[in-house]
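Single-structure report; data block below.
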Amino acid sequence: MLDVRPETLSRWEHGKRAEDRNAWLTASAIVLDKIEGKTGTAERIEAVSRPRGAKRVVLDLSAIPVGLPLSLASR
């Protein structure tokens, strides 16, 4: 969820490595949510982390005259 390894989080907790401020604030918000019985932060992170479905695009080429050079068809 935070795109960091558990070992990295442990190093932050034990002062062995400087924490990524945004990841640390996010982790803190998740912990506070858990204590308060909430899930909002985790739900928002999961929502933006999901791959979006590819949109289907259909091109209507029926208006392009058949047999004309492309340079003439665009006029």
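Please treat every number below as a calculation from the coordinates, not as lab data. Quantities reported herein were computed from a predicted structural model and do not represent experimental measurements. Here the Cβ positions follow ideal geometry from the backbone for every residue, glycine too, while neighbour counts run over all protein chains shown.
Numbers at a glance
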quantity: Neighbour-limited loop hits for trypsin sites (Lys or Arg not before Pro), segment 2-63 (at most 12 other Cβ within 10 Å; DSSP other than H, G, I, E, B); calculated: 16, 52, 55, 56
quantity: Loop-located GluC sites (Glu not before Pro) in segment 24-65, at most 13 other Cβ atoms within 10 Å (DSSP); calculated: 36
quantity: J(HN,Hα) series, segment 8-23, from Karplus relation 6.51 cos²θ - 1.76 cosθ + 1.60, nearest Hz, glycine and proline x; calculated: 5, 4, 4, 5, 5, 4, 9, x, 8, 8, 5, 7, 6, 4, 5, 5
quantity: Top of 20, 60, 33 by mean-square fluctuation, Gaussian network on the chain, Cα under 10 Å; calculated: 60
quantity: Calculated [θ] (222 nm, deg cm²/dmol) that DSSP helices of n ≥ 4 give over the chain, each run adding -39,500 (n - 2.57); calculated: -14000 deg cm²/dmol
quantity: At 0.890 mPa s and 25 °C, Stokes diffusion of the chain via Kirkwood alpha-carbon radius, µm² per second; calculated: 144
